Ligand SMILES: C[S@@+](CC[C@H](N)C(=O)[O-])C[C@H]1O[C@@H](n2cnc3c(N)ncnc32)[C@H](O)[C@@H]1O
């Protein structure tokens with residue numbers, strides 16, 4: 001009898017050890033692992049290649065600002081007096097990579113404080129070239145703060161368009177007002193409402209609408225900084241989608257027939273990009289997606305990182321038209337971005 005008891009004890013001890021080892025050997029995935037696996041699957045790259053992409057340092061990009069001075073004079077001051085090495089970016093007016101200065105250096109100058117140039121990622125600039133704003137048009141920037149794209153719209157239209165710049169977030173609207181003042185935007189009416197009201201309140205009203213939507217921000221991730229993924233989670237990705245759909249519907253409804261709408265995000269998530277655009281295409285018959293021909297005229301340095309929209313991912317199928325949108329793979333020249341050009345028939 002005694003012997004049997006001790007055998008039972010032994011078996012218990014063995015099972016305990018086995019289960020403890022199983023617990024200790026279990027692999028825990030870090031947030032970075034989860035992020036990289038997801039990105040590798042979206043970008044169709046190995047995890048190593050994907051990691052390399054998110055560890056590249058962005059080049060400093062500036063655009064000279066005609067609203068606050070003579071661009072030729074600013075160019076001369078920056079290159080000759082200050083010794084900046086400015087590399088012209090073909091296809092973009094007065095836009096340069098600064099080869100020998102980082103962002104913090106260029107921002108600590110009188111010329112920057114006086115609004116003579118703006119520091120802006122090229123992908124963000126590209127979205128406004130695709131919007132192609134014109135003088136005398138009514139233009140809505142539905143999620144505008146802090147205002148880098150609104151200011152570029154003002155600059156490209158020589159302050160002669162009627163712009164409404166809106167944002168839901170009151171402190172960010174304060175920053176938007178500061179940017180518009182510092183960089184000389186005029187003719188801009190700033191509003192502070194939920195962007196989902198424009199479609200119902202001003203149907204068929206604007207010639208052009210920019211919806212630079214709130215998103216999970218994957219295109220901006222730089223894994224070399226401390227805690228680079230503190231704002232990212234799959235929960236966050238999922239939580240953005242309804243707002244994005246609601247804002248896109250509002251943006252489309254407030255667009256005039258024949259008008260142009262840009263939907264852009266700085267994320268690579270198909271759920272927040274192709275999925276949202278497919279929702280609009282499936283719901284409204286008069287939505288048309290346009291080919292973005294402008295990108296074909298750019299230098300190879302840029303086009304090698306510009307891909308078409310994807311029509312399936314992780315078991316989800318998207319509307320076949322979304323292949324006309326562009327996905328920008330993060331590189332030193334441009335952050336990760338997604339742009340769709342929509343017109344209303
Ligand atoms: C990607 S940022 C816009 C960046 C801006 N376009 C620029 O280039 O400087 C997204 C903005 O959307 C705003 N936003 C989020 N939800 C919104 C809503 N429902 N209506 C209007 N704005 C919203 C956020 O406050 C944030 O400022």
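Just so it is clear, none of the values below were taken in a lab; they were calculated from the coordinates. All values reported here derive from a predicted model rather than from experimental measurement. Because the Cβ atoms are built from the backbone with ideal geometry, glycine has one as well, and the counts that use them run over all protein chains shown.
Structural remarks
- From least to most packed, judged by other beta carbons within 10 angstrom and beginning with the fewest, 112, 28, 222 follow the order 28, 222, 112.
- Calculation over all alpha carbon pairs of the range 213-341 in 5 angstrom steps from 0 returns a P(r) of 2, 10, 19, 23, 20, 14, 8, 3, 1, 0 percent.
- Highest mean first, the peptides 334-341, 134-141 sorted by other C-beta atoms within 10 Å per residue fall in the order 334-341, 134-141.
- In degrees, nearest ten, helix 122-131 long axis to first principal axis of the chain (Cα): 60 degrees
- Of the peptides 164-170, 175-181, the order by per-residue mean of other Cβ atoms within 10 Å, starting with the highest, comes out as 164-170, 175-181.
- Seen against the Cα atoms of the chain and their longest principal axis, helix 31-43 is set at about 60 degrees.
- When the chain is treated as a Gaussian network with alpha carbon springs shorter than 10 Å, the biggest mean-square fluctuation among 196, 158, 296 belongs to 296.
- Rounded to 5, percent antiparallel among DSSP beta bridges of the chain: 60 percent
- Between the range 78-151 and the range 265-334, the alpha-carbon center distance in angstrom: 24 Å
- Helix axis angle, 274-283 relative to the chain longest principal axis, alpha carbon, degrees: 70 degrees
- Most mobile listed residue (143, 55, 215) in the chain, GNM with C-alpha springs under 10 Å: 55
- Taking the convex hull of Cα positions in the range 121-344, its mean projected area over all directions (nm²): 12.2 nm²
- Likely footprinting exposure, 293, 321, 269, fewest C-beta neighbours within 10 Å first: 293, 321, 269
- Look at where the Cα atoms of the range 181-235 and of the range 41-63 average out, and the two centres are 22 Å apart.
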